[in-house]
1. Among the candidates Arg291, Arg369, which residue alone is of a type in the set (D, E, K, R), outside any helix (DSSP H, G or I) and either at pLDDT 95 or above or in contact with a Cys (Cβ under 9 Å, 6 or more places away or on another chain) (or both)?
2. So which helices (runs of 4 or more DSSP H) are wholly in region 36-124 and hold at least 3 residues that are modelled with pLDDT of 95 or more and surrounded by 24 or more Cβ atoms within 10 Å (Cβ to Cβ)?
3. All but one of (1) under 30 Å from Asn277 (Cα atoms); (2) within 16 Å of the ligand (Cβ to nearest atom); (3) of a type in the set (Asp, Glu) hold for Glu491, so report the exception by its number.
4. Would you be able to tell me the number of residues in region 172-182 that are under 15 Å from Gly9 (Cβ atoms) and outside any loop (DSSP other than H, G, I, E, B)?
5. Of the residues that make up region 344-365, is at least one among the basic types (Lys, Arg), within 12 Å of the ligand (Cβ to nearest atom) and part of a helix (DSSP H, G or I)?
6. Starting from region 384-410, take each residue that is in contact (Cβ under 8 Å) with a residue 60 or more places away in the chain and list its partners that are away from the ligand (no atom under 15 Å from the Cβ) and assigned to a loop (DSSP other than H, G, I, E, B), counting only C-beta distances under 7 angstrom and pairs at least six apart or across chains.
7. If we keep just the residues of region 462-482 that are within 27 Å of the chain's Cα centre (by Cα) and within 16 Å of the ligand (Cβ to nearest atom), which is nearest to Asp82 (Cα to Cα)?
8. Working only within region 408-418, note down all residues that are surrounded by 15 or more Cβ atoms within 10 Å (Cβ to Cβ) and within 16 Å of the ligand (Cβ to nearest atom).
Amino acid sequence: MPKYLFVTGGVMSGLGKGIITSSVAKLLQLSGVQVTCLKIDPYLNFDAGTMNPYTHGEVFVTDDGGETDMDIGNYERFLNRDMHKSNNITTGQIYKKVIDDEREGRFLGKSVQIIPHVTDEIKKRIRAVAAAEKVDVLVVECGGTVGDIESLPFLEAFRQMRMEEGPSKTLFLHVSLAPELSVVGEMKTKPTQHSVQEMRRIGVQPDVIVIRGSRALPMEAKEKISLFTSVPLESVISDPDVETIYQVPRLLEREGLLKPIHRQLGLRARAAMREWNAVADRFVDQPLTVRIAMVGKYANLADSYVSVNQALSHAGAVNGAKTKISWIESEEIEKDGSRLDLIDAYDGVVLPQGFGGRGVEGKIAAANRARVSKVPFLGLCYGFQLASISFARNVLGMKGANSTEVDPDTPYPVIDLLPEQRRVRDLGGTMRLGGHDVHLKRPSKAFDIYGTDKLRERHRHRYELNQKYLKRFEENGMHYTAFSDKGRRAEIMELDGHPFYMGTQFHPEYVSRPEDPEPIYVAFVKACAARAKQVGRAEKAEVLAR
Ligand code: GLN
């Protein structure tokens, strides 16, 4: 019979609840427990696919084609285990199911209510995930902050599950914050007291509290929290900032988090930490810094590209390098062409995913500059498409070449709509999504990098390379060396005579894990590291600092 560990959040969002959830699950996994995670998002969207990554954070894509919350990516990276779309539940999915059932007459004339009908559906989903994944423990993270109207039905469902399953099969872990005003110099416990009161009002008494803070929580503060919240002292766990998220499992283990979990759920209290800690250690004290420019539009929210950032840092870790990512706003390149000079000063350029026409000309110019200046370049999905366009325009002389996504009347539709996309009307869940087999040609750089001729990689796009122009590309040194769907879709590009100029139609970042970094990222960062070590690079780096 599976057990359930519920993670809730207090005080405010952005505490790193997803990292704590992933770390708790990792500790259980390292204790020999079969475990997976489930994320509940209390918004009404059916999934994250239609949500703006610049306000909500990245859309993560699972192998089974789910467009999910970015925390699913954290779970995969920590657990080194594939998640499914069912590992992410939204209010929209729950209500849609209940309303569909009502229309089908399944409630036999009853009035359909939040309790019990909506809460029943929530419990059914949670239990279904635990059963389908055959886990000993399902860690259920509820998005948002206690007190939000949206999360109430979920917290109520958790409360009911405690009644139904009993305390030896359910555990409530509450994540809170102890803020500190520099003038006062004291970590404050009042916000935690209030958020636990809020939990209790709903009928949930936390069993364990994890307190975020800029530093470790002093003993008096722990005692105070314990006293006011009725949580035993040893179950008040301090979680201060650390250098890399991958150190959080070790931190929580040292704080003794496994003990109360062990006591309540009867699991092993010891985790085999050695291998994981060795992986985490690769992320600190790296001798080399590699400076990478990402070119994009209003690219300020770090969460919009978490998987790319993480994949770069995984690749850096195995190359002994810290990856420092800076943003170049593509619209600023459009306004002022001299911004392109910045590109030369970096050790590498990433052109990430994207949609629509805004900032596209700046991105195309950046792809060209990286090619001409021989700066290592990696194009991801839209980046792969725009680099192909840039090559068509600047090398093949196809003036006005474009993607029909941007210019439907382009004389050279180098990137064009996937045929099956022509009739699509709905925006949600209708792209080419999820894992597809990718076949590599040999000999090729791609084959050298991957060391295999078949990959499984994840996708999220509506447009693709128009193979009408393939021969002209090839004749001029741009090779497409991987294909999917029986050769119908080009998946990897690589340029001759350049230290590293590659792009992928798929998203290699979604499958990169700290324990198993994605090979094309590793090869890219290696090329960047080689450039970083060139003489005179330090002076160039100074240009960036200015
Ligand atoms: N906009 C492009 C397409 O739909 C690229 C999508 C992406 O970068 N994920 O094909």
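1. Values: Arg369 fails: outside any helix (DSSP H, G or I).
Going through Arg291, Arg369 in turn, just one is of a type in the set (D, E, K, R), outside any helix (DSSP H, G or I) and either at pLDDT 95 or above or in contact with a Cys (Cβ under 9 Å, 6 or more places away or on another chain) (or both): Arg291.
2. Numbers: elements: 53-56, 71-79, 91-103.
Output list reads 71-79.
3. Here Glu491 clears every test but (1).
4. Selection size over region 172-182: 6.
5. Yes, because at least one residue in region 344-365 is among the basic types (Lys, Arg), within 12 Å of the ligand (Cβ to nearest atom) and part of a helix (DSSP H, G or I).
6. From region 384-410, the pairs are Ala392/Met398; Ala392/Ala401; Ala392/Tyr412; Val395/Asn476; Leu396/Asn476; Met398/Tyr412.
7. This residue is Arg462.
8. Thr410, Pro413, Val414, Ile415, Asp416, Leu417, Leu418
The values are calculated or read from the model by the stated rules, or taken from the named source; none is laboratory data. All figures in this text were calculated on a predicted structure; none of them were measured in a lab. Neighbour counts run over all protein chains shown; Cβ positions are idealised from the backbone, glycine included.
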